[in-house]
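Novice: Take this structure first; my questions come after.
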Amino acid sequence: MLIGPIFTRELATAPLRTKFYAFPAIYVGGMLLLLFAAWLLLAGTQELRTAADTARFGMTIFPILALLQLTLALFFAALFAAGTVAQEKDRRTLVLLLLTNLNNAELVLGRLCASLLPLALSLAAAVPFFLLLRGFGGISTQQIVLVVAVSAVTLLTAGSLGSTIALWREKTFLTLALTTLILCAWLGFWTLVGIGALGTAWSGIGAGAWAACFSPLHALWDALQPLAGATRGELPWFGSPVLAYLLFGLVMSAVLNGIAIARLRVWNPPRELPPRPEEEASGFAGTIAATKNIHAAPGKRRTVWDNPIVWREVCTWAYGKRILLVKGAYVLLFAAAVGALVWLARSGALPRDTLAAVLGPLFILSLVLLNALAVNAISNERDLGALDLLLVTDLSPQEFIYGKLQGIFYGAKEMVGLPLLLCGGIWIAGFISGEIACYLFAGLLTLQFFVAMLGVHIGLAYDNSRTAIALSLGTVFFLLVGIGTCMRILIAFSSSSLAIQLMAFSAVIAGGGMALFAALGNRNPSPAIKLTSTLLPIATFVGIMLYLAGGAISVFLWTVLTYGFATLALLIPAIYAFDLATGRTTD
């Protein structure tokens, strides 16, 4: 078969592993918890007497769960596909696969299908859930089919993108960062097209229809409409824009995998140019001079600082020179976001909701990139065996941890500094008050320290780099997307009773706490991490309610105290995990 023995082995051994059952069970279980919370919010505020009441519930909750499914498919498909190939490269096992009789198509497609198998099973497990959700009314079978189709094609497209970039680039952080930035640029560009920033119509077709043809978010919105083409209009060749998007996704997947298949043995193993040979010395004197300098270090002599970790991270290209690609791409996206704000401000008043819709994704992107750099800063050292060298040095755990944190913030200074500067910029422009600007600045800085410390902690706690990357980015994604989903449910099913809200989301909070402890404290438990895993979901939910109530100072204080304590709770176990990783104990 075309996908070869790699996927065949994965399919044959998958039922023997826990994640084969865990992914679909956790995914569908989380959907059920959110559905239960939404139902309690609705039933606690009004009586449901007619079929129209339950139909309105189905029409309201279905788009929220469909958007959550699409977001999970888009993010985790790219993460799993890129992380799987990056792990093969870090452990040098990809070179061994290239030495076998497997052809390029079997290697690329087999590895891609194997990495997407758990996600595809989760997506398939959600189909019966959505069909049961149809029993509430207000949802048609056609809508469910289109929503699942859009999610499946997006899963394949994002996975193909992550796999292709991972086969092209060597560094794991570079792979994850470029994949994330390309996905954000893809979604951001077509969002600008959809709102009419680049024109209201192209070739006689509305900008919204064009966006639905190429953007998964707009295609999903079109698929959720009761009547196909009712909001965007019919296209000349495809009819519904959803069908055009499905074809676009399949074509893009084929193109990306075709490029990866054609360039696999050109990109791998990397062909580094040999150093330029020195001119051959003539005579005995030249031979003696060359012998004296054969072990001499090239370049000027540099003085190492008291903390060599900080010196290496700051004064050398510790993450490679190609990290400039990531920084340049982020700066371009940042400039595009600022340009969108300027365009919206000139078009009229800029309400707070619109401002949050532009700034929110940009801030989330900076947090994700910072966390990816933090976890890769530790996992790459482990994969290369550099942590073993610390056994013969007098470097203390504190010097290593603090040095790494300083180096991470220096390496990601654009992702850290530009959002903070933007907080001051929108205050100077008069979009927000000085008080709100201070709250936003301090809150964002607190979250940046938290995601950086989270990456370091998980990178030290897990030996498997793929597991560490997935858990670290997954935790950040779980917190951010969980916050957004809970806010959407609370807004859609508004309730003034705090008791009803807490009762409705009690199961979600408990499940989130157990998931956090499994990721943070399962390998290195401590009382502080147990307390953090228990309180963080509760505190986050309380912060959401405070935000919806309009209390800016309350949200700021709650965020700083909660995530500040979580950062400190991760710091001490990170030092202890460092001792375990190097085989040392501190006095």
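The values are calculated or read from the model by the stated rules, or taken from the named source; none is laboratory data. In this text, all values refer to a predicted model and were calculated from it rather than measured experimentally. Reconstructed Cβ throughout: ideal geometry from the backbone, glycine too, with neighbour counts over all protein chains shown.
Novice: Only one of (1) of a type outside the set (S, T, N, Q); (2) within 30 Å of A374 (Cα to Cα); (3) in a helix (DSSP H, G or I) is not met by E170, so which one is it?
Specialist: E170 satisfies every listed condition except (3).
Novice: Take the residues of segment 365-389 that are surrounded by fewer than 19 Cβ atoms within 10 Å (Cβ to Cβ) and part of a helix (DSSP H, G or I): which is farthest from the chain's Cα centre (by Cα)?
Specialist: Result: L389.
Novice: I would also like to ask the following. Just for helices (runs of 4 or more DSSP H) wholly inside segment 478-569: which have at least 2 residues that are under 23 Å from I26 (Cα atoms), under 25 Å from the mean Cα position of the chain (by Cα) and of a type in the set (S, T, Y)?
Specialist: It comes to 527-548.
Novice: Also: Would you please list the contacts, defined by Cβ atoms under 6 Å and residues six or more apart or on different chains, that run from a residue in segment 397-416 that is in contact (Cβ under 8 Å) with a residue 60 or more places away in the chain to a residue that is outside any helix (DSSP H, G or I)?
Specialist: Listed by first residue and then by second, the contacts come to E399/N307; G403/N307; G411/Y319.
Novice: Separate question: Just one of F441, F478 is in contact with a Cys (Cβ under 6 Å, 6 or more places away or on another chain) and either under 23 Å from A566 (Cα atoms) or outside the structural domain of T179 (by TED's automatic domain parsing) (or both); which is it? Before the answer, list the steps.
Specialist: On the way: F478 fails: in contact with a Cys (Cβ under 6 Å, 6 or more places away or on another chain).
Being in contact with a Cys (Cβ under 6 Å, 6 or more places away or on another chain) and either under 23 Å from A566 (Cα atoms) or outside the structural domain of T179 (by TED's automatic domain parsing) (or both) holds for just one of F441, F478, which is F441.
Novice: If you don't mind, there's one more thing I want to ask. Just checking, how many residues over segment 390-420 are more than 30 Å from L362 (Cα to Cα), assigned to a helix (DSSP H, G or I) and out of contact with any Ser or Thr (no Cβ under 7 Å at 6 or more places or on another chain)?
Specialist: 4
Novice: Mind checking whether some residue in segment 195-205 is of a type outside the set (S, T, Y) and part of a helix (DSSP H, G or I)?
Specialist: no
Novice: Would you check which residues across segment 97-153 are part of a loop (DSSP other than H, G, I, E, B) and either in contact (Cβ under 8 Å) with a residue 40 or more places away in the chain or surrounded by 21 or more Cβ atoms within 10 Å (Cβ to Cβ) (or both) and list them?
Specialist: Just the residues of segment 97-153 that are part of a loop (DSSP other than H, G, I, E, B), to begin with: 99-103, 137-140.
If the condition is that a residue be part of a loop (DSSP other than H, G, I, E, B) and either in contact (Cβ under 8 Å) with a residue 40 or more places away in the chain or surrounded by 21 or more Cβ atoms within 10 Å (Cβ to Cβ) (or both), then L102, N103, G137, G138, I139, S140 are the ones that fit.
Novice: Does I432 count as of a type in the set (V, I, T), within 23 Å of Y547 (Cα to Cα) and surrounded by 14 or more Cβ atoms within 10 Å (Cβ to Cβ)?
Specialist: yes
Novice: Additional query: Can you name the residue in segment 326-360 that is of a type outside the set (F, W, Y) and in contact with an Asp or Glu (Cβ under 8 Å, 6 or more places away or on another chain) and, of all such residues, is farthest from L421 (Cα to Cα)? Talk me through it step by step, then tell me what you get.
Specialist: Of segment 326-360, the ones of a type outside the set (F, W, Y) are 326-329, 331-333, 335-342, 344-360.
Right, trim to in contact with an Asp or Glu (Cβ under 8 Å, 6 or more places away or on another chain) and you get 327, 331.
On the way: K327: 16, V331: 13 Å.
Among those that are of a type outside the set (F, W, Y) and in contact with an Asp or Glu (Cβ under 8 Å, 6 or more places away or on another chain), it is K327.
Novice: OK, next. Does S203 qualify as being of a type in the set (S, T, N, Q), modelled with pLDDT of 90 or more and over 17 Å from the mean Cα position of the chain (by Cα)?
Specialist: No.
Novice: Further question on the same structure: List pairs: first in segment 341-364 and closer than 23 Å to V331 by Cα, second of a type in the set (S, T, N, Q) and not in a loop (DSSP other than H, G, I, E, B), Cβ under 8 Å, 6+ apart or cross-chain?
Specialist: From residues that are closer than 23 Å to V331 by Cα, the pairs are L344/T354.
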